[in-house]
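The values are calculated or read from the model by the stated rules, or taken from the named source; none is laboratory data. No experiment lies behind these values; they were computed from the predicted model shown. Reconstructed Cβ throughout: ideal geometry from the backbone, glycine too, with neighbour counts over all protein chains shown. In case anyone asks, the SASA skips ligands and DNA or RNA and just uses the protein heavy atoms, side chains included. Shrake-Rupley method; radii C 1.70, N 1.55, O 1.52, S 1.80 Å.
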Amino acid sequence: VATDKSSESKALDATIMAYIHDPNINSCKEVTVDCSPGGGLTCLSGSWTAFAKDTPVSCNGQLHRPN
């Protein structure tokens with residue numbers, strides 16, 4: 001019996017560190033998401049929009065979910 005793990009490993013490889021503005025707009029709380037820079041739907045972590053670090057102290061870089 002063989003087990004196909006190819007889709008599982010691809011999903012794990014796509015996760016990146018991102019940031020949510022929790023508890024306030026100036027916060028950068030770390031989360032792990034399956035998103036990337038570029039076009040597509042807005043990256044979410046739960047109900048929060050997830051962002052990339054755009055400077056060493058702010059996290060407002062746009063991230064997008066795979067289509």
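Brief remarks on what is shown
- Residue tally, condition open to solvent by 80 Å² or more (accessible area, probe 1.4 Å), β-branched (V, I, T) and either farther than 13 Å from T15 by Cα or touching a Lys or Arg at 6+ places or on another chain (Cβ under 6 Å) (or both), over the stretch 31-67: 1
- Qualifying positions in the stretch 17-44 - β-branched (V, I, T) and modelled with pLDDT of 95 or more: I20, V31, T32, V33, T42
- Scanning the stretch 21-30 for residues that are open to solvent by 50 Å² or more (accessible area, probe 1.4 Å) and part of a loop (DSSP other than H, G, I, E, B) turns up P23, N24, I25, N26.
- If the condition is being in a loop (DSSP other than H, G, I, E, B) and at pLDDT 75 or above, then the stretch 1-16 contributes only T15.
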